[in-house]
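Since the structure comes first, as structure tokens, the remarks are kept for the end.
The values are calculated or read from the model by the stated rules, or taken from the named source; none is laboratory data. Since this is a predicted model, take the numbers as computed values, not measurements. Glycine also receives a Cβ, built like all others from the backbone with ideal geometry; neighbour counts cover every protein chain displayed. Side chains are part of the model used for accessible areas, which takes the heavy atoms of the whole protein and leaves out ligands, DNA and RNA. Shrake-Rupley method; radii C 1.70, N 1.55, O 1.52, S 1.80 Å.
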Amino acid sequence: MIHLIDVEKHFDTDVGRRQVLRQTRLSIPTDKRVGVLGRNGAGKSTLLNMIAGVDQPSRGTIMREGRLSWPLGYSGGFHGDLTARENISFVARLYGVDYRETFERAEEFAEIGNYVDMPVRTYSAGMKSRLAFGLSLAIAFDCYLIDESIGAGDRFFRAKSRRVFLNQSRNSGMLLVSHNENTIREYCEIGLVLFDGFLLPFGNIEDAIDFYMRRCAP
Amino acid sequence: MSLSVVDHASFSAQAEEFSRAYAAGEEDEAVRIAIAALETDPAFAPPFESLWWLCGELLARRKHRLGLELTERVWKLGYNGWRALYLRGIFLALNREIEPAAEVLDSARKVAPANMQKEIALLEARLRAMAGQISTALELFREHLKFKKANARYIAAALQTARRAGDDDLAIRWCRRANKLIGETAPRMRLLAEIYFEREEWQKARNAAEAGTQIARKNKPLGRIAARAAYREDNGIQAINRLEAQLTKDKDWTEGKILLCRCLLVAGRDAEALRILKTIEAGSDCEVERRELAARLQGAGADVAPDMVPITDEGEPKPRRKKPGSGQDSEVKKIMSSIPVDFLPRWNEETLAARGNPFAAIMRMAHSVRTIMLRETMAKFGRHELGYLWAVLEPMMHVLVLSFIFYFIRLRDTLGMNVVLFVSTGVVPLFFYLKTYGGLTNALRQNRPLLNHSLVQPMDIFFARSVLEFFTQLFVFILFVSFIFVFVEKYTFGSALSVFANVFGLWITGIGAGLIIGSLASLADSIKNVMDGVNRLVYITSGVFFTLDRMPPQVAEYAAYNPLLHFVDGVRGNFSPLMGGSRVDIVYGYSWAVAILVLGLIADRALRRRVLDR
């Protein structure tokens, strides 16, 4: 469960206050596949970052029960001066999982070969995101937080990541954030729509998409 | 001289009669004769000098068919000057033979004098446009159109042509030029408004249409475009006002009523929407929209007549575009007020209490801090070629340079204490402060990605960095003093606890200062530069060079305010019996250190969101 206890978020910018999320009081289930729809700039990523803990709510508290992944599809979590091996060992240690097993699974997926012993800053963007994705798949989470694009890299990699991901996440929940209603329809059962600062809950994904298409889509 | 196109033929009796009447100035009679002759006598042809006059008369009397007959006749007789062709073209056009007319005019234009060419070309262009030869027509207009009052018809035709050719840019340009040079007209403004409307430039469309209605107040199409554009412009209240204004003049505009209803619904004015909706007759061309609106009103709790209930098998209602409402949106309100069971708030006292469990919190933090420390350690090895060696080399260089200076310049001031030992016990303790400060100011920003792991809290990052720095400096310190003891000089060592107490004080001052400056930097970056200057001063005044005891009393009085000086002197007191001295006040130092740490924690708490938001 992710509890949003009277959470509110705004940014104070030079051009005035930008309200991203109005006061929200919801619990998001972590054992279901939840889609979050919103137009570009509606605050989807900020919401996901708040749930992960990178951004902090302006008011209210977020409580997390169960093990949440870091936002997938995001590869900034690596320390550039460390090798893939060292980065994986850090994450494995942090989440208290077996390093060797995690490393093998992540490496198998990421296909970075003998680059595993090079500092991550020398990697191409594709390698980095493959590694990030492989690593998050290698650890069993209760709920995967996913930002926008499932899988980076070339077409073959995308197909592969989709297959692996669906297989992996069959028994776990996920929170998928996207502006694309087709992605949401494909993966999610229930949905939230970020609209004008409101986080609107829908018990049926088609209702969410319907609302999104009618009210948010350009 | 009687010059005639037909002088080779014998004049018929009617022709002679016509000539006589014409010469006598009996114009009506002449025309009457000519008309009769044209209808009956295939050989009738008037004398040349009266030919153009007769054509003009026929034109004026709208005898278009006879005019054509006349021009055909003279053409067959071999006359094909530009004027004959021009007139023939005109009569062809008037007899609805558009394409031949255009062709004839084309040949007329080619032989006509320059001053006539434009006029002929414009007529030809208009005809070609009518005949559907859009691109040719457009070319002619482009080349020959002049924006003056006399050309009003041609301008209108040119605009239509440009529209049909799909060249809206050109149409807009011409509209603007015409408006500027010969004034605005309602049809032109309508055309302009329609173009803008099609391009979804609602504001421009609205402005054009409103300008048009200023000219023709009762022009319904113009008013409708203006109202539609206002609706598309998404100005809730403005759209409502405009639509209402139009509907008072234009009572059977069903589409307008539908649009008004939608606006009112978005604005939450359900009652008015219902009133408008009831004035729409069933079975109009907006039936689908009407029923859909009825359904929405019914959903919002309004009392809707049964014939308005939507027919579900009519298919999906059309998706519409609407401006996000601002808190008044009834649909949003409805969703917010009925949260589906999956999303109902599920926390209770127990969940909230679990968060306050100190044991669990400390365990989590210890785990996270230890892991981050390991990561930072590994990163330090990787970052520089020298890795951790740098942690030792940097203070070593400070010690060597300062020892060198002391050895030659200020030897006697160390009170017989070994110079290297004197410098080491000054510089390395101060590094507890300086390095910790430096490590913390940027800690959060540099390690922001770590926060993606929800196990990691900002405080963990501060903690990991500080602890790592403490042990690093402790290691360096022990290494230095041991080295000196073994290889340079055997000294008498005081209390390890006292040394620890003093470096600990320096360390927490460093943490506090790092937190304060790191947080304040989110308000103004330059504060870091100011603090760098302060730290340079700290380096000089904190006992690295001068101990409190050896300063002149007037100076010492002020220097003693520096809490770090007390800590550094306190450390040094354990390495030489002559150092330390009565003025050293560790309680004063700790008061400051704790105060700075508290301030640091407050600053972090107050500004952490700002630091992370940047």
If you check B:VAL488, B:VAL481, B:VAL467, B:VAL538, which single one turns out to be in contact (Cβ under 8 Å) with a residue 12 or more places away in the chain, more than 14 Å from chain A (Cβ to nearest Cβ) and within 30 Å of A:LEU94 (Cβ to Cβ)? B:VAL467
For A:LEU47, are the conditions met, namely being in contact (Cβ under 8 Å) with a residue 12 or more places away in the chain, in contact with an Asp or Glu (Cβ under 8 Å, 6 or more places away or on another chain) and surrounded by 19 or more Cβ atoms within 10 Å (Cβ to Cβ)? no
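Looking at B:LEU243, B:LEU259, B:LEU247, can you tell me which residue is in the same structural domain as B:LEU293 (by TED's automatic domain parsing), modelled with pLDDT of 75 or more and either at negative phi or surrounded by 17 or more Cβ atoms within 10 Å (Cβ to Cβ) (or both)? Explain how you work it out, then say what you get.
Working: B:LEU243 fails: in the same structural domain as B:LEU293 (by TED's automatic domain parsing); B:LEU247 fails: in the same structural domain as B:LEU293 (by TED's automatic domain parsing).
One residue alone meets the criteria, B:LEU259.
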Report whether or not B:ALA360 is outside the structural domain of B:LYS435 (by TED's automatic domain parsing) and at pLDDT 85 or above. yes
For region B:518-528, indicate whether the set of residues that are under 23 Å from B:PHE575 (Cα atoms), among the β-branched types (Val, Ile, Thr) and away from chain A (no Cβ under 14 Å) is non-empty. no
It is to be established whether one or more residues within region B:590-608 are open to solvent by 50 Å² or more (accessible area, probe 1.4 Å) and within 14 Å of chain A (Cβ to nearest Cβ). yes
Spans of strands (runs of 3 or more DSSP E) in region A:1-99 with at least 3 residues in contact with a Lys or Arg (Cβ under 6 Å, 6 or more places away or on another chain): A:2-13, A:16-28
Search region A:164-178 for residues that are over 17 Å from A:ARG67 (Cβ atoms) and pair each with any residue that is of a type in the set (Asp, Glu) and modelled with pLDDT under 85 when their beta-carbon atoms are under 9 Å apart and the residues are at least 6 apart or on different chains. A:LEU176/A:ASP147; A:LEU176/A:GLU148; A:VAL177/A:ASP147; A:VAL177/A:GLU148; A:SER178/A:ASP147; A:SER178/A:GLU148
Can you tell me which of (1) closer than 16 Å to A:CYS188 by Cβ; (2) at the interface with another protein chain (Cβ under 10 Å from one of its Cβ atoms) is the one A:GLU65 doesn't meet? (1)
Counted residues, region A:1-33 - those being touching a residue at least 12 places away in the same chain (Cβ under 8 Å) and more than 8 Å from chain B (Cβ to nearest Cβ): 16
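Starting from residues that are of a type in the set (D, E, K, R), more than 14 Å from chain B (Cβ to nearest Cβ) and more than 21 Å from the chain's Cα centre (by Cα), keep the ones in region A:95-122 and report whichever is farthest from B:ARG364 (Cα to Cα).
Only one residue tops the list, namely A:GLU111.
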Got a number for residues in region B:431-467 being hydrophobic (A, V, I, L, M, F, W, C) and open to solvent by 20 Å² or more (accessible area, probe 1.4 Å)? 5
Does region A:35-44 include one or more residues that are among the β-branched types (Val, Ile, Thr) and within 11 Å of another protein chain (Cβ to nearest Cβ)? no
